[in-house]
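What follows is a set of notes on a single structure, which appears directly below.
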Amino acid sequence: MELTDSELFSVLEERLYTAVISDVLDAMGHRDQVMNANLNALATGSVVAGRARTLLAVDYYEPLDEPYGTELRFIDTLVPGDLVVAGTNESVYNGLWGELLSTASKVRGARGAIIDGYVRDARRIKDLGFPLWCTGTKPVDSAGRGMTIAYDCTVKCGGVLVNSGDIVLGDEDGVVVIPSRIAQSVVQKALEKVAAEDATRSALRQGTPLSEVFQKFGVL
């Protein structure tokens, strides 16, 4: 029986983790689903899972009459379970995200955000309890520096192509993207692998040599 989105997110956040999901995706032939290592959680210990809602931004170098137009419309379409995934073309100039966008997103039920670029208002975002991953912080406004050009399109975030509807998991190790069409299968296989890892850990704690344990359970 398929898990509902709520059940899926709970299993990912409470029983699984990015490393085991990455291993399962590797075994299924999806070897490029983990985002770059420079994308890190803003708050230590953050964990989040949700369905990607993609946002695309580019650098811009002059004032705009409506600097936030597409971005505002995007935020107003968010629904519970959404996880913002923003591709900025790895900008170091365009500070796309801040506390007010985080507040608006959380109120609409968004579970968090993955921003492939800089953010600001870091302390306030942490205080809000809004899980967020980014490449760094910089206290600049995006107006006159960046422009959001589209949403719900394919974006490259942290080196991974992401589509709206994909399942995304972030934790202290990083961020992994599960294509939506295989999400149920990936989670089931990951649960099976975790069970094997638990058995391996138990055997190792009893002093069984690692080579014997690996031969028996086949996980490492």
Could you tell me which of the residues GLU66, GLU99 is of a type in the set (D, E, K, R), surrounded by fewer than 20 Cβ atoms within 10 Å (Cβ to Cβ) and modelled with pLDDT under 95? GLU66
Looking across region 16-54 at residues that are more than 15 Å from VAL177 (Cβ to Cβ) and either among the polar types (S, T, N, Q) or touching a helix residue (DSSP H, G or I) at 6+ places or on another chain (Cβ under 7 Å) (or both), the single one that is surrounded by the most Cβ atoms within 10 Å (Cβ to Cβ) is LEU42
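For residues in region 161-182 being buried (at least 20 other Cβ atoms within 10 Å of the Cβ) and among the small types (Gly, Ala, Ser), which is farthest from GLY136 (Cα to Cα)? Can you show your working first?
Restricting attention to region 161-182, the residues satisfying the condition of being buried (at least 20 other Cβ atoms within 10 Å of the Cβ) are 162, 166-171, 174-178.
Now restrict to residues that are among the small types (Gly, Ala, Ser): 170, 174.
Details: GLY170: 16, GLY174: 14 Å.
Here the residue is GLY170.
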Hand me the list of strands (runs of 3 or more DSSP E) wholly inside region 9-111 holding 3 or more residues that are in contact with a Phe, Trp or Tyr (Cβ under 6 Å, 6 or more places away or on another chain) and outside the structural domain of GLU192 (by TED's automatic domain parsing). 48-59
Yes or no: region 125-136 includes at least one residue that is part of a strand (DSSP E or B), at pLDDT 95 or above, in the same structural domain as ARG53 (by TED's automatic domain parsing) and surrounded by fewer than 16 Cβ atoms within 10 Å (Cβ to Cβ). yes
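Going by the structure shown, is GLY158 closer than 22 Å to GLY81 by Cβ and either among the aliphatic types (A, V, I, L, M) or crowded, with 16+ Cβ neighbours inside 10 Å (or both)?
Answer is yes for this residue.
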Specify which of the listed residues (ILE149, ILE114) is over 23 Å from PHE9 (Cα atoms), touching a Leu at 6+ places or on another chain (Cβ under 8 Å) and in a strand (DSSP E or B). ILE149
Scanning region 69-92 for residues that are surrounded by 15 or more Cβ atoms within 10 Å (Cβ to Cβ) and among the charged types (D, E, K, R), the one farthest from ASP173 (Cα to Cα) turns out to be GLU71
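At pLDDT 95 or above, out of contact with any Lys or Arg (no Cβ under 6 Å at 6 or more places or on another chain), of a type outside the set (Val, Ile, Thr) and within 22 Å of VAL79 (Cα to Cα): is that true of LEU42 in this structure?
Working: at pLDDT 95 or above: yes; out of contact with any Lys or Arg (no Cβ under 6 Å at 6 or more places or on another chain): yes; of a type outside the set (Val, Ile, Thr): yes; within 22 Å of VAL79 (Cα to Cα): no.
Judged against the criteria, LEU42 is not a match.
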Please go through region 161-189 and give me each residue that is more than 13 Å from HIS30 (Cβ to Cβ) and more than 16 Å from the chain's Cα centre (by Cα), ordered by number. GLN184, GLN188
Over region 174-205, the set of residues within 26 Å of PRO80 (Cβ to Cβ) and either charged (D, E, K, R) or not in a helix (DSSP H, G or I) (or both) is GLY174, VAL175, VAL176, VAL177, ILE178, PRO179, ARG181
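The values are calculated or read from the model by the stated rules, or taken from the named source; none is laboratory data. No experiment lies behind these values; they were computed from the predicted model shown. All Cβ positions, even for glycine, are placed from backbone atoms using ideal geometry, and neighbour counts span all protein chains on display.
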